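**Student:** One structure, as C-alpha cells, below. Some questions next.
Since every read-out is calculated from the coordinates, none of them should be taken as a lab result. Quick caveat, the model's predicted, so the values are computed rather than measured. Don't worry about glycine lacking a Cβ; one is built from the backbone with ideal geometry, like all the others, and counts go over all protein chains shown.
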Amino acid sequence: MDKKHSEDEIWILMARKLAGEATSSELEELAALLRENPELNYAKEIMQDVWNSQVLPDRQYAETKYKELVLQMQEMKIDEGRFSEDNHFINNEEEVKRNWWNRNKIWLSAAAIVIVVSAATLWFINGSNKTNGALAALPLKNEVSTKNGSKTNLVLPDGTKVWLNAGSRLTYDKNYGNNIRQVQLEGEGFFDVVHNTEKPFIIQTATIDVKVLGTQFNVKCYPADKTTETSLIRGSVEVNVKSRGEKFLLRPNEKLIVYNNNSKDSKTNTAETVQDKAEAPLVAIRQLSYQRNDNEAVEAAWVKNQLSFKDESFGEVAKKMERWYNVEFVFINKARESMQVYGTFNNESLQQALQALEFSFGFKYKIEGSKVVIF
C-alpha cells in the first residue's frame, strides 16, 4: 500500500473509531497503519482530545451541524456519499422523528471525518511542529449554504430562526452569541430573531448592515440582482447603507431598496432618498407588496414555499425562477425582459409555471434541458 493510500485509510478508520462504528478488525488495522506511519500519531492524538472534549449537541444543533459538516466536506473535495445534503433532513418533521438515530450516527461519522481531515491538513501544513498552536488554526466560522433549486432552515445558538432561499450563504462565528450576535449573508434570508436588548442581532451584506433587537424580516442581497432589499414584517430594524453612510429605520410593512452599482437604474451616491418617484433613486422606502386576496407579503412568500412576484419585470422574475428551479433563462426577444408580470406559484413545476405565464402574458417559450428560451 502506497503512502497516500495509507494516509487516506487512516483518516477513514479514525473517523469510524471516533464515531464508535469501527469493528475490532478495523481497530487492529488502524493500529498497524499508525505503526507504519508514526509521524501521524500526533495529529491522531490531537483529534482524539478534541473529539472527547465535545459536548453532545441537542437535536436541532446536531441537525444544523450536520449540514455545515456536509458543506465543509464538499469544500475539502471529500466524497460525501450518503452525507449529501437533503432538504427533508430538517424540513420533514416526521422523517426526522423516524430516522433520528440513523441520522445521528451519520452526523457523528461526518463530524469525525471533518475533524480528522482538518487535523491532517494542519499537520501537513505545519510539518513536525508539535505545538498546541495547531488548534488555533481550526476554522472559526460556521457556514450554511443552499444551491439553486433548494432551500433550508436552521436555528442559531440563541434560538433565532433563519430560512435560506436558493443560492444563498450564511456564515457566523463559532462563538456566536457570547459577546455579539452577528452573521454574514449573501443571497436571501428570512429571520425570526429572538429578542435581546443587550445583544442586538446584526446582518452584514456587501451593501447594507441590518441591526435589530428582535423581529421578523427578510433580506435579499444576491450579487447579480439590481437591488438589495430589506423587508420588515413586524418589529423594527435599522439599516445602514454603507455607500451613503446613512441609517434608516423601517416600520412594519415597509421595505428599503438599495440600487446596486451593477444596476443600470442606479444613481450616484449623491442621489436623494425618496419614497415614491418614477425615477429610481439610489435608496427608496416603499410598502410591501401583496397579491390580490392574499395576506402573505410577496417579499416573504418564499418562506411558505410560494414563488410570488407582482409588477416586476420578466427579466427580474426570470432570475427568481432560475434560482427556484435551477435553470437558465435566455431571452431571444429582448423586449420580453422589460415586460411587467405577476403571479404566485405553490407546487407547480417549471413547465406549469411557464404555461400559466405564457397564457397570461402572451410570450412563447421552449425548454431545452436546463435552459428556458423565451421568444
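**Student:** Distance between the C-alpha centers of the stretch 290-343 and the stretch 202-225? Whole Å please.
**Tutor:** 20 Å
**Student:** Using +1 at the Cβ of each Lys and Arg and -1 at the Cβ of each Asp and Glu in the stretch 161-215, identify which of Asn175, Val212, His195 lies farthest towards the dipole's positive end.
**Tutor:** Positive-end residue among those listed: Asn175.
**Student:** With only alpha-carbon atoms in the gyration tensor, what are the semi-axes of the equivalent ellipsoid for the stretch 333-375, in Å, largest first? Mind showing how you got there, number by number?
**Tutor:** Numbers: eigenvalues 54, 43, 13 Å².
Result for the stretch 333-375: semi-axes of 16, 15, 8 Å.
**Student:** Right, something else. Using the structure shown, select from Lys161/Lys199; Lys211/Lys247; Lys147/Lys364; Lys226/Lys255; Lys211/Lys242; Lys334/Lys366 the pairs with a Cα to Cα distance greater than 18 angstrom. Can you show the working numbers first?
**Tutor:** Numbers: Lys161/Lys199 16 Å; Lys211/Lys247 10 Å; Lys147/Lys364 28 Å; Lys226/Lys255 15 Å; Lys211/Lys242 13 Å; Lys334/Lys366 15 Å.
In this structure, Lys147/Lys364 exceed 18 Å between Cα atoms.
**Student:** How many percent of Cα pairs in the stretch 208-265 exceed 14 Å?
**Tutor:** Result for the distance tail: 51 percent.
**Student:** Using the eigenvalues of the Cα gyration tensor, what equivalent ellipsoid semi-axes result for the stretch 168-252 when each is taken as the square root of five times the eigenvalue, whole Å, largest first?
**Tutor:** 19, 16, 12
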